[in-house]
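The values are calculated or read from the model by the stated rules, or taken from the named source; none is laboratory data. From a predicted model like this one, the values you see are computed outputs, not experimental measurements. No Cβ is skipped: glycine too gets one built from the backbone with ideal geometry, and neighbour counts run over all protein chains shown. What goes into the accessible areas is simple: the full protein's heavy atoms, side chains included, and nothing from ligands, DNA or RNA. Shrake-Rupley method; radii C 1.70, N 1.55, O 1.52, S 1.80 Å.
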Amino acid sequence: MTPSLLELSIALSDNDRTRPLLEGRVAPQGISLVPTMVHPSEMFWRQLRFAEFDVSEMSMSSLLISVARGDTRWAAIPVFTMRKFFHSSIIVRTDAGISAPADLRGKRIGVPEYQQTWAIWSRGVLQHEFGVHAREIEWFMERNPDKSHGGATGFQPPAGVRVSQIPPTTNIGEMLVRGELDGALHYLVDRNLVDRSTVDISGATRTLFPDPAAEGRRFYAKTGLYPINHAVVVRRALLETHPWIALNLYSAFVAAKEEIARYGRSYLQWYFEAGLLDGGVERTLADNDPLAYGFKAARPVLETIAQYVHEQGLSARRVALEEIFAPSTLDV
């Protein structure tokens, strides 16, 4: 007799590390996944407001803020589906007189949502690396309370920070083109139920850092941090009944990531055969994978985002990481 599987709904964004699970090529033991592919902006809003899925990706900042406010519906597992040097993507109008981070002082800067993890990392780096504080910038937020993460977590602008709501009749892109904004921390044009911008702003803007990749390498070499945006969360009530879910899901995500790594090794095979790459590349990644899953490997990055959320006035206290991760995952 075939044992029955526990059926769980899961929401994931579409990327290389999630696709094996979305497409069913990798499955967790004992679990049958019912997958939905959703844009992260929409996914997080739906989870925070309506708790629609048993498992999903989740904004690290919104998870920390929720727990600080006493909302413990979700427990994280140390799977990180989105990382980026977020501050390197800051854009500015070409005519705004901004040539360095210091020039952002006094400027009007758009952000889809003030509390989103992308924005928190960017502001944290601006403060700690370049001495530019959020209080020195005038912020304009696109998402309205009814369709925002902050609307579900009680967002209020931090003390001393100017945050204006962009009217529903316009958006960040249109304001950038008209010169009503000097720049944006993040610009989203992907169709979803939350974000509104669609206009092409390439003719009016450029990146703050002339070489974003070089700035990312500089930041990583100095700090050793590869910022995390999304973790994976599980309905805590399910873990209380079936605690084995956490590590079974974690193992499946690791297997999905390894599948991509195997494909990458195959793709690079001729580089190895030509002697352009050698086994040292693989040994280096085994010892220090910047995309590593697992609580222990990611702890310095996670501690930093917890610090940034608190010091930017978005949580009344600094949340301990042990509060948000499933207990069985703290040793992996």
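The residues of the range 25-65 that are touching a Ser or Thr at 6+ places or on another chain (Cβ under 6 Å), open to solvent by 20 Å² or more (accessible area, probe 1.4 Å) and under 17 Å from Ala256 (Cα atoms) amount to a single one, Val34.
On inspection, Met82 passes the criterion of being within 30 Å of Pro327 (Cβ to Cβ), among the hydrophobic types (A, V, I, L, M, F, W, C) and modelled with pLDDT under 95.
Can you pull out every residue in the range 145-180 that is in a strand (DSSP E or B) and either among the hydrophobic types (A, V, I, L, M, F, W, C) or buried (at least 16 other Cβ atoms within 10 Å of the Cβ) (or both)? Write out each step before concluding.
Going through the range 145-180, the residues in a strand (DSSP E or B) turn out to be 162-165.
Within the range 145-180, Val163 is the sole residue that qualifies.
Considering the conditions (1) surrounded by 16 or more Cβ atoms within 10 Å (Cβ to Cβ); (2) not in a helix (DSSP H, G or I), Pro243 is excluded by exactly one of them, (1). Taken over the range 181-215, the criterion of being loosely packed, with under 15 Cβ neighbours inside 10 Å and small (Gly, Ala, Ser) is satisfied by Ser202, Gly203, Ala213, Ala214. When the residues of the range 288-304 are filtered to those that are part of a helix (DSSP H, G or I) and in contact with a Pro (Cβ under 7 Å, 6 or more places away or on another chain), which remaining residue is farthest from Val163 (Cα to Cα)? Selected residue: Phe295. On the given criteria, is Arg191 modelled with pLDDT of 95 or more and either at positive phi or among the basic types (Lys, Arg) (or both)? No: the conditions fail for Arg191. Selection of the range 90-117 for residues being open to solvent by 30 Å² or more (accessible area, probe 1.4 Å), in contact with a strand residue (DSSP E or B) (Cβ under 9 Å, 6 or more places away or on another chain) and part of a helix (DSSP H, G or I) yields only Asp103.
Would you please name the residue that is farthest from Phe53 (Cα to Cα), looking only at residues in the range 1-19 that are of a type outside the set (S, T, N, Q) and surrounded by fewer than 20 Cβ atoms within 10 Å (Cβ to Cβ)? Let's see the steps before the verdict.
Step one: filter the range 1-19 for residues of a type outside the set (S, T, N, Q), giving 1, 3, 5-8, 10-12, 14, 16-17, 19.
Next, from what is left, pick out any that are surrounded by fewer than 20 Cβ atoms within 10 Å (Cβ to Cβ): 1, 3, 5-7, 14, 16, 19.
Details: Met1: 29, Pro3: 24, Leu5: 17, Leu6: 14, Glu7: 11, Asp14: 16, Asp16: 21, Arg19: 18 Å.
Restricting to residues being of a type outside the set (S, T, N, Q) and surrounded by fewer than 20 Cβ atoms within 10 Å (Cβ to Cβ), the top hit is Met1.
Can you tell me which residue within the range 216-238, out of those that are β-branched (Val, Ile, Thr) and closer than 13 Å to Phe85 by Cα, is surrounded by the most Cβ atoms within 10 Å (Cβ to Cβ)? Outline the logic, then answer.
Going residue by residue through the range 216-238, those that are β-branched (Val, Ile, Thr) are 223, 228, 232-234.
Then drop every residue that is not closer than 13 Å to Phe85 by Cα, which leaves 223, 228.
Values: Thr223: 15, Ile228: 21.
Result: Ile228.
Considering the range 104-135 alone, what residues qualify as being among the basic types (Lys, Arg) and farther than 14 Å from Ile91 by Cα? Quick ask: steps written out before the conclusion?
Kept after step one, since they are among the basic types (Lys, Arg), are these residues of the range 104-135: 105, 107-108, 123, 135.
Arg105, Arg135, listed by residue number.
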